[in-house]
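Here the structure is laid out as structure tokens; the discussion comes afterwards.
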């Protein structure tokens with residue numbers, strides 16, 4: 001639980017200590033106390049302590065939403081204040097260009113302690129990073145808020161035969177984990193939508209225009225396809241996982 005939520009293990013330990021070993025239905029009572037304490041901590045206590053560690057909960061708006069309630073329930077929605085401000089500005093500007101279309105975020109960071117890993121990510125450990133969903137369109141070419149997976153991860157916009165296949169290169173070199181997120185979709189949905197080059201390019205360009213953003217990670221074939229020539233666009237390395245199911249960006 002600590003690996004997934006940062007605070008879950010500690011709260012479960014407290015729940016165990018509060019219920020005597022001799023108590024009737026002790027397991028059920030511990031689960032009940034854990035649930036109450038966890039919800040209180042996640043939604044009332046943690047948001048007020050996180051600023052001490054230089055982080056704050058992502059401020060959702062009409063145009064900025066989490067892909068799943070899980071990211072908020074698991075305390076994976078914390079960033080530094082300057083990143084919070086930037087993602088809010090990006091979401092607002094994107095909606096002005098595309099009425100009704102939201103910027104959808106995925107994993108960000110835990111609320112406490114630099115270098116505490118937010119698995120399965122290698123670098124989401126300092127409040128500076130966030131993943132956002134690609135943009136999709138329906139059959140008639142109109143942008144949609146629908147996504148192809150429940151989690152927001154794991155459904156890839158594959159390279160064509162003429163495009164560079166970074167996944168094949170990395171796996172050939174022994175980096176077996178490179179496409180591991182395909183197991184983290186929690187279900188594939190919305191088969192009627194397609195990747196939107198126009199929408200994703202607009203979103204990426206808005207991100208890159210933010211002066212305090214230092215890097216943007218996206219798969220090499222999408223960088224080429226979307227004509228993203230800004231020096232901030234980098235390759236994340238074969239030791240990470242592929243980025244043709246989401247965009248990662250971070251502060252300088």
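Some points to look at:
- The residues on offer are 45, 58, 33, 49, and the sole one that is buried (at least 19 other Cβ atoms within 10 Å of the Cβ) and either at pLDDT 95 or above or more than 19 Å from the chain's Cα centre (by Cα) (or both) is 58.
- Hits in the range 155-189 (condition: in a loop (DSSP other than H, G, I, E, B) and touching a strand residue (DSSP E or B) at 6+ places or on another chain (Cβ under 8 Å)): 155, 157, 185, 186, 187, 189
- Of all residues assigned to the range 111-126, at least one qualifies as being touching a residue at least 40 places away in the same chain (Cβ under 8 Å) and at positive phi.
- Looking across the range 202-225, just one residue is surrounded by fewer than 22 Cβ atoms within 10 Å (Cβ to Cβ), out of contact with any strand residue (DSSP E or B) (no Cβ under 9 Å at 6 or more places or on another chain) and assigned to a loop (DSSP other than H, G, I, E, B), and that is 211.
- Residue match in the range 46-53 (condition: in contact with a helix residue (DSSP H, G or I) (Cβ under 6 Å, 6 or more places away or on another chain) and either closer than 21 Å to residue 2 by Cα or not assigned by TED's automatic domain parsing to the domain that holds residue 187 (or both)): no
- Residue check, residue 192 surrounded by fewer than 14 Cβ atoms within 10 Å (Cβ to Cβ), closer than 19 Å to residue 101 by Cβ and assigned by TED's automatic domain parsing to the domain that holds residue 100: yes
- One residue alone among 90, 101 is farther than 21 Å from residue 7 by Cβ, in contact with a helix residue (DSSP H, G or I) (Cβ under 7 Å, 6 or more places away or on another chain) and in a loop (DSSP other than H, G, I, E, B), and that residue is 101.
- Scanning the range 190-201 for residues that are part of a helix (DSSP H, G or I) and either within 14 Å of residue 243 (Cα to Cα) or in contact with a helix residue (DSSP H, G or I) (Cβ under 7 Å, 6 or more places away or on another chain) (or both) yields 197, 200.
- Of 72, 29, all but one fail to be without any contact (Cβ under 8 Å) to a residue 60 or more places away in the chain and not assigned by TED's automatic domain parsing to the domain that holds residue 150; the exception is 29.
- Positions within the range 228-242 being in contact with a helix residue (DSSP H, G or I) (Cβ under 8 Å, 6 or more places away or on another chain) and either crowded, with 20+ Cβ neighbours inside 10 Å or assigned to a strand (DSSP E or B) (or both), in sequence order: 233, 241, 242
This table checks each residue for (1) in contact (Cβ under 8 Å) with a residue 60 or more places away in the chain; (2) under 18 Å from the mean Cα position of the chain (by Cα).
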| residue | (1), (2) |
| --- | --- |
| 176 | no, no |
| 183 | no, yes |
| 193 | no, no |
| 199 | yes, no |
| 240 | yes, yes |
| 244 | yes, yes |
| 247 | yes, yes |
| 250 | yes, yes |
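- Restricting 95, 24 to residues that are out of contact with any helix residue (DSSP H, G or I) (no Cβ under 8 Å at 6 or more places or on another chain) and modelled with pLDDT of 95 or more narrows the list to 95.
- Per the listing 91, 66, the residue uniquely more than 23 Å from residue 240 (Cα to Cα) and touching a residue at least 24 places away in the same chain (Cβ under 8 Å) is 91.
The values are calculated or read from the model by the stated rules, or taken from the named source; none is laboratory data. Since this is a predicted model, take the numbers as computed values, not measurements. Here the Cβ is made from the backbone with ideal geometry for all residues, glycine too, and neighbour counts use every protein chain on show.
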